[in-house]
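The block underneath contains the structure these notes are about, expressed in structure tokens.
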Amino acid sequence: MRILGATDDEVDKRQRSLTLNMSPRNPGTTLDLEWISKVRVNTQAVLKRAQFIQRQKIPKKQWQAAWLLKAVTLIDLTTLAGDDTSSNVHRLCLKAVQPVRYDLLKKIDMHDKGVTTAAVCVYPSRVTDAVRSLKAANSSLPVASVATGFPAGQTPLETRLQEVRIAVSDGATEIDIVINRMLAITGQWEAMYNEIRQFREACGPAHMKTILAVGELGSFTNVYRASMVAMMAGSDFIKTSTGKEAVNATYPVAIVMVRAIRDYFMSTGHKVGFKPAGGIRTAEESLVWLTLIKEELGDDWLCPGLFRLGASSLLADIERQIYHQVTGQYAAYHDLPMA
């Protein structure tokens, strides 16, 4: 895929003018409206590349089990339901701490390797419950909270900022914000940048993942532009979707977003993470996502610090596949309890 935008000379000039920053937090940069305005995405090239990724062979047998366990460690185990209670959040946290049955891990000599999910993700009102449950389980897993009027992002700005502050004060160390899609759809990039900068400040020490709701942005070019603006504003991750849109994480959209991540890294020297979310349900799909990241961004991104899978039901299928690897049989879902 070729993204038409800044010339090579302009990129080189930008690289020379910026101080490289390899810290875990993305400090952001000044909004470059010229870069944003020049971007055009080659749709056919994106689709062709996505098809190529999907045709890649996935690992088999013990290699598949290893990759599936890798996928487990990258999951933000999520519950974002209207009927969430302290008890189901507690069960979710226990599952995050022990995501695969102990006896299965022991059969493949992984029982003492500290396999957990990457984080637990909940609504702001359930952050305290999650922090309490993980502390009781003697776990240091991070708690992520959606915020800023999730999923629509249509509440007043001060309300959205206060929601971030409350989640952080309650113990969330990662905040998944949502952008105001109207600003992206209408091309108000400076206003979008300024809002995200305020969210960045409200997050304080917490890492910030910015949800673009790609299914509502209208075009690949808008997805690229929104990705770049979010990174320039200081996002530590960019995330595809809330999981509540009609179209969520797709491979073509992911290609556009990870190419934006690559361009931002080449320009600033700072690595921003990527999180697909919404509709990722099968073990096979998780392997395709890992392949995409390995192909597009390289092994450095295959870690919880730079890649997450947002999912609520994916873990059950991964555990079921590992059960098959160990026993040669497929388990009924009630044999592998999920929160």
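The values are calculated or read from the model by the stated rules, or taken from the named source; none is laboratory data. Treat the numbers as computed from the prediction; the structure is a model and nothing was measured. All Cβ positions, even for glycine, are placed from backbone atoms using ideal geometry, and neighbour counts span all protein chains on display. When the accessible area is computed, the model is the full protein with side chains, heavy atoms only, and any ligands, DNA or RNA have been set aside. Shrake-Rupley method; radii C 1.70, N 1.55, O 1.52, S 1.80 Å.
Observations
- Put simply, of 285, 245 the only residue that is in contact with a helix residue (DSSP H, G or I) (Cβ under 8 Å, 6 or more places away or on another chain), among the acidic types (Asp, Glu) and under 27 Å from residue 59 (Cα atoms) is 285.
- Among the residues of region 122-136, just one is of a type in the set (Ser, Thr, Tyr) and open to solvent by less than 50 Å² (accessible area, probe 1.4 Å), namely 133.
- Screening region 197-219 for residues that are in contact (Cβ under 8 Å) with a residue 40 or more places away in the chain and more than 18 Å from the chain's Cα centre (by Cα) and picking the one that is farthest from residue 170 (Cα to Cα) gives 219.
- Checklist (1) in contact with a Gly (Cβ under 9 Å, 6 or more places away or on another chain); (2) in a helix (DSSP H, G or I) applied to residue 95, failing item: (1)
- Qualifying residue in region 126-135 (condition: free of Cβ contacts under 8 Å to residues at least 40 places away in the same chain and among the small types (Gly, Ala, Ser)): no
- Residue within region 166-178 that is open to solvent by 70 Å² or more (accessible area, probe 1.4 Å) and over 28 Å from residue 117 (Cα atoms) present: no
- Scanning region 244-297 for residues that are in contact (Cβ under 8 Å) with a residue 24 or more places away in the chain and of a type in the set (D, E, K, R) turns up 244, 245, 259, 262, 263, 271, 275, 281, 284, 285, 295, 296.
- The number of residues in region 70-83 being among the charged types (D, E, K, R) and open to solvent by 20 Å² or more (accessible area, probe 1.4 Å) comes to 2.
- Against the numbered list (1) at pLDDT 95 or above; (2) of a type in the set (Val, Ile, Thr); (3) open to solvent by 10 Å² or more (accessible area, probe 1.4 Å), residue 327 comes up short only at (1).
- First in region 30-44 and free of Cβ contacts under 8 Å to residues at least 60 places away in the same chain, second anywhere and charged (D, E, K, R) and loosely packed, with under 13 Cβ neighbours inside 10 Å, Cβ under 9 Å, 6 or more apart: 42/2
- In region 1-59, counting only helices (runs of 4 or more DSSP H) that sit wholly within it, the ones holding 2 or more residues that are modelled with pLDDT under 90 and either among the polar types (S, T, N, Q) or loosely packed, with under 15 Cβ neighbours inside 10 Å (or both) span 8-17.
- Of all the criteria given as (1) closer than 15 Å to residue 239 by Cβ; (2) among the small types (Gly, Ala, Ser); (3) free of Cβ contacts under 8 Å to residues at least 12 places away in the same chain, the one not satisfied by residue 169 is (1).
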